[in-house]
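The values are calculated or read from the model by the stated rules, or taken from the named source; none is laboratory data. Quick caveat: nothing in here was measured; it's all calculated off a predicted structure. Neighbour counts run over all protein chains shown; Cβ positions are idealised from the backbone, glycine included.
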């Protein structure tokens, strides 16, 4: 008798989780449809967007961090920074971008992450799915990360680089 009650409770919990999952899927679908609809009804003014981007680039804080540069293989690697890409996307408009952690495996010490940028107006989407090892490499060697904050910060950092590439 008690086993039947436990099984019934488990079925109720599973049923509730399925309903909750379905409601969330519907919410996300409606949100995406609304974003696309608004983007199509309110197309960007490219001249205005360009002016705003150029005005933003004149701000000292953005200008100081507009480019990155670091030595690699005897050469200097450089390009527009993550903040520059985010500023361009912000003023360009009708674009959504970000990162999502798809899974985290604490046994194998890695996260699977997706970075994306989606121009809602032109319906152009760029995605990059990648794995982030929960490991910090230093000149003294590498160490496995176990602290959730360290893992989050590493994942966010690696994700931001890929978001920049997507934008």
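Restricting the range 70-96 to residues that are within 23 Å of the chain's Cα centre (by Cα) and part of a strand (DSSP E or B), the residue that is surrounded by the most Cβ atoms within 10 Å (Cβ to Cβ) is 95. Within the range 35-49, the set of residues being free of Cβ contacts under 8 Å to residues at least 24 places away in the same chain and either over 24 Å from the mean Cα position of the chain (by Cα) or on the phi > 0 side of the Ramachandran plot (or both) comprises 41, 45, 46, 47, 48. Going through (1) in a helix (DSSP H, G or I); (2) under 30 Å from residue 148 (Cα atoms) one by one, residue 117 falls short only on (1). A count restricted to the range 103-124 and to residues that are more than 13 Å from the chain's Cα centre (by Cα) and within 24 Å of residue 49 (Cα to Cα) stands at 6.
Kindly indicate whether any position in the range 41-50 is in a helix (DSSP H, G or I), at pLDDT below 95 and under 30 Å from residue 143 (Cα atoms). Write out each step before concluding.
Residues of the range 41-50 that are in a helix (DSSP H, G or I), as a first pass: 41, 46-50.
Imposing the further condition that a residue be at pLDDT below 95 reduces the set to 41.
Among the residues that remain, those that are also under 30 Å from residue 143 (Cα atoms) are: none.
The answer is no; no qualifying residue exists.
Of all residues in the range 123-139, those being in contact with a strand residue (DSSP E or B) (Cβ under 9 Å, 6 or more places away or on another chain), free of Cβ contacts under 8 Å to residues at least 24 places away in the same chain and more than 8 Å from residue 111 (Cα to Cα) number 4.
Close contacts from the range 57-69, counting a first residue that is in a loop (DSSP other than H, G, I, E, B) and a second that is surrounded by 11 or more Cβ atoms within 10 Å (Cβ to Cβ), with Cβ to Cβ under 8 Å and a gap of 6+ residues or different chains, come to 65/81; 65/83; 65/84; 66/57; 66/80; 66/81; 66/83; 66/84.
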